[in-house]
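Q: Quick one: the structure is below, questions incoming.
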Amino acid sequence: MGNNNSSFLTDICLKLNSATDRSAVWNYVIDAVVKLKSIDMICVYIRQHGAGEYLLEYHAGLPPWFIASSSTLTPGSEPHEMLNCDENVYPDSSGESPFKCEGSPRVFVKGLFPLIMSDTAASVMFIASSEPAALPVEIRGIMETLVSMVKASISRIDAENRARMSEGEHSLLLERVRDPVFALNDNLEVKYCNGAFRQLVCVEDGSIEAAGFSEIAGLKLKNIFQDRFDEVLDSGSGFCISTFEYRERIFNTFISRTRDGLFVLMNDITEVEQTRKKLNFRERFESLLISISTDFIEMRGSALNLGINDALLNIGVSIEVDRAYLFQFSDELKIMSNTHEWCATNIQPQIDNQQGMRTDDYPWWMNRLNRHWAFQIPRIADLPSWAEAERKLFESRDIQSLLVFPIVHAKDLIGFLGFDSVNQERFWTEDTIDLLRIVGDAIGNALMRNRMEKELIEMYRRAEEEAQINAVLLKEVNHRVKNNLSEIIGLLYAQKRFASKSNEFEEFVQNLISRIRGLAIVHDMLSSSGWSPLELTRLASGIIHKAIANAPDSKKLKASISKTSIRVNPNQAHALALILNELVRNSLKHALIDQDSLKIKVRMRRNRAGRITLVYSDNGPGYPEEVLESDRKNLGLDLIQNLTIKNLRGELILQNDGGASAKIIFRRTVTEDGTNESK
């Protein structure tokens with residue numbers, strides 16, 4: 001019990017020890033109990049055996065309607081039958097309460113406690129609340145102790161106030177107390193005791209009058225009580241409370257001074273303490289598992305390995321095992337290896353002996369894991385005959401009991417957690433098993449996340465290597481294409497030098513050289529930009545300046561190209577390179593015949609609808625009328641027309657505006673990878 005509860009019981013015990021009549025006992029108890037958690041009503045019914053009715057004698061916190069309607073309970077009624085209890089009872093608070101009144105709040109009975117059962121009268125105390133919630137376990141323990149104290153106090157008062165009471169009546173009263181009770185005289189000889197005490201010290205039923213306490217209780221119990229007896233006899237308070245363990249039981253003991261000796265009540269709180277310890281363990285263990293599971297969410301790489309080792313250590317210490325470990329499967333569940341292990345002090349590690357183990361060698365084990373079963377083996381010797389391989393393995397590791405949890409992710413078995421008990425045989429409760437499943441799930445998620453991240457990193461690394469290889473190959477291809485175009489141009493120049501002098505043939509070769517050079521220029525631009533969309537200004541500038549560089553030195557040429565952010569994809573760039581090359585060659589051929597200088601302008605714009613307009617113009621004599629009316633065509637103009645319509649899916653407009661002017665209108669298209677060029 002906690003310090004607050006011990007203080008509460010000490011206070012009420014001091015008051016009960018000073019009580020001289022039953023009324024004082026009831027008043028002390030009632031005043032104290034209504035202050036406890038989950039209790040706001042208390043009353044005591046007294047039944048006169050002659051009438052058979054229960055009469056409401058003492059109460060606190062009861063509503064007026066309850067007092068008016070239930071002050072007398074006649075035989076046969078539901079509340080009357082409920083009070084006929086022989087031992088402490090805690091009714092199910094979720095059900096209907098027998099104490100109710102139409103239009104008024106219900107009274108939920110939390111506990112029933114028989115106090116006095118004699119031939120002439122009986123008394124029953126019950127505690128209640130307006131809330132249906134169950135009574136907390138710790139409060140139950142307090143009430144059990146308190147009821148034992150009340151019974152003992154009533155017994156003491158009856159013994160003191162009714163000196164002529166026979167020993168038989170004393171014994172009858174004490175026998176109804178479930179906890180060990182005994183009284184000693186000033187010589188520490190047993191005056192009387194109840195059956196619970198005789199059973200505790202293994203004394204047969206019968207008279208033990210005037211027998212020494214040390215003779216009856218034995219050396220161990222005598223040593224436990226000796227200092228406490230001296231404290232009560234020597235102190236002015238005449239009272240003490242102490243808690244101790246004896247024969248695997250826990251007792252909260254109350255010792256009080258009487259007129260001629262000592263009165264002792266040994267309240268057995270073993271179950272209450274065990275329940276409290278279980279609740280405290282579960283609370284701490286749940287907190288630990290939540291912390292571990294939360295930490296796994298953020299863990300990566302080596303941090304995850306350290307986190308698993310820490311989790312095995314903390315869990316192993318909490319559930320008091322000797323070894324905790326993690327196995328992981330590989331090669332399609334054919335191999336299992338021990339990857340993480342924690343061992344308690346003086347426990348031999350086994351991780352080095354458990355690498356690359358074949359799962360086919362342990363069919364009984366794998367049968368359970370493949371079914372995703374969590375299981376325990378409390379005693380290795382109890383394994384079935386077809387688990388002989390597993391039994392030999394466990395015995396070689398000195399394992400006496402073990403607990404196993406499969407680690408499953410997306411219905412796939414990826415490993416298992418194991419907990420060994422080496423020093424003793426163990427049995428784990430279902431609560432512990434259910435809680436440990438949480439850790440298994442958390443480790444499984446963390447392991448799979450770690451594996452997938454490693455695979456993604458490896459995929460990224462391979463993709464990066466492939467991209468580097470492709471970049472080298474592309475660079476080599478671009479280099480070879482550029483060299484091939486240069487070789488073609490060189491061959492054409494050689495053909496031109498050695499061919500017969502024919503103006504028509506020379507012009508054909510020169511035009512072909514110019515066109516191939518234009519393609520080489522745009523190919524060089526695209527390869528240097530990684531074949532991404534080209535700026536139209538850069539493309540036009542490169543083609544035009546390269547073309548006019550081959551003009552006669554006696555002529556003055558000037559090119560003005562507007563700046564723009566417009567970009568075109570590689571296919572459009574090839575078409576525009578040929579178109580611009582043909583337009584420049586046309587200007588050099590026809591506009592410089594009767595003049596020594598030439599000015600070329602290229603203007604580009606884009607409207608809101610995404611249509612691009614490129615205007616090429618010179619200050620020469622302009623196009624002949626038959627060209628504007630499409631009555632006369634040549635190879636150059638025919639090439640420009642076809643490239644505009646077929647490659648650019650656009651429109652060509654020829655006109656004279658201070659010279660020859662060609663307007664090309666086309667729409668920006670989607671690139672081959674599906675992205676828009678404007679991005």
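Q: Greater than 24 Å separation of Cα atoms is the criterion. Which listed pairs, K222/K277; K558/K646; K15/K37; K15/K151; K35/K151; K191/K222, meet it?
A: K222/K277; K558/K646
Q: Right, another one. Only Lys, Arg, Asp and Glu count, each charged at its Cβ (+1, +1, -1, -1), so figure out the dipole size of region 520-667 about its Cα centre, rounded to 20 debye.
A: That gives a dipole near 760 debye.
Q: Which percentage, to the nearest 5, of the DSSP beta bridges contained in the chain is antiparallel?
A: Expressed as a percentage, antiparallel bridges in the chain total about 95.
Q: Follow-up. Does region 217-356 come out rounded, prolate or oblate, given a ≥ b ≥ c as the square roots of the eigenvalues of its C-alpha gyration tensor, rounded meaning a/c under 1.5 and, failing that, prolate meaning a/b above b/c?
A: Here region 217-356 falls in the prolate category.
Q: Something else: What ranking of Y58, Y616, Y325 emerges when the number of other C-beta atoms within 10 Å of each C-beta is taken as an exposure proxy, fewest first?
A: Y58, Y325, Y616
Q: Which one, P552, Y616, L9, is farthest towards the positive end of the dipole of the chain when Lys and Arg carry +1 and Asp and Glu -1 on their Cβ?
A: P552
Q: Which loop trypsin sites (Lys or Arg not before Pro) in region 275-358, with loop taken from DSSP, have no more than 12 other Cβ atoms within 10 angstrom of their Cβ?
A: R300, K334
Q: Here's a follow-up. With θ set to phi - 60°, apply the Karplus curve 6.51 cos²θ - 1.76 cosθ + 1.60 along region 570-586 and write out the HN-Hα couplings as whole Hz, x wherever there is a Gly or Pro.
A: x, 5, 5, 4, 4, 5, 5, 4, 5, 5, 5, 4, 5, 5, 5, 4, 5
Q: Oh, and also: Among G444, L393, N423, whose Cα lies farthest out toward the positive end of the dipole of region 282-455, if unit charges sit on the beta carbon of Lys, Arg (+1) and Asp, Glu (-1)?
A: Towards the positive end, the residue furthest out is G444.
Q: From the residues Q595, S527, I640, which one has its Cα farthest along the dipole of region 520-667 in the positive direction, the dipole being from +1 and -1 charges on Cβ of Lys/Arg and Asp/Glu about the Cα centre?
A: The listed residue farthest towards the positive side: S527.
Q: Using helices alone, what [θ] at 222 nm do you get for the chain, with -39,500 (n - 2.57) per DSSP H run of 4 or more residues, divided over all residues and rounded to the nearest 500?
A: -15000 deg cm²/dmol
Q: Sticking with this structure for a sec: Could you give the dipole magnitude of the chain about its Cα centre, charging the beta-carbon of Lys and Arg +1 and that of Asp and Glu -1, in debye to the nearest 20?
A: 5720 debye
Q: Let me ask something additional. Multiplying the sequence separation of Y460 and R379 by 0.36 nm and subtracting their Cα-Cα distance, what value in nm do you get?
A: 24.2 nm
Q: Given that just one value was derived from the coordinates, which of [x] 1.42; [y] 1.05; [z] 0.94 is Rg/Rh (Cα atoms, Kirkwood Rh)?
A: The value matching this structure is [x].
Q: From the backbone phi of region 60-69, what are the Karplus-calculated ³J(HN,Hα) couplings (6.51 cos²θ - 1.76 cosθ + 1.60, θ = phi - 60°) in whole Hz, Gly and Pro given as x?
A: Per-residue couplings from phi come out as 7, x, 6, x, x, 5, 5, 4, 5, 8 Hz.
Q: Suppose a student asked you for the relative contact order of the chain, using Cα pairs under 8 Å spaced at least 6 residues apart; what percent would you report?
A: Normalised by residue count, the contact order of the chain is 6 percent.
Q: Pull up all non-local amide H partners of C240: gap of 5 or more, or a different chain, and H-to-H distance under 5 Å with H placed in the peptide plane.
A: I255
Q: Work out the length of the dipole vector of region 282-455 about its Cα centre, built from +1 on the beta-carbon of each Lys and Arg and -1 on the beta-carbon of each Asp and Glu, and round it to the nearest 20 debye.
A: 240 debye
Every number here is computed from the coordinates shown, using simple stated rules; none is lab data. Small disclaimer: the values here were computed from a predicted structure and weren't measured. So basically every Cβ, Gly included, is an ideal-geometry build from the backbone, and we count neighbours across all protein chains shown.
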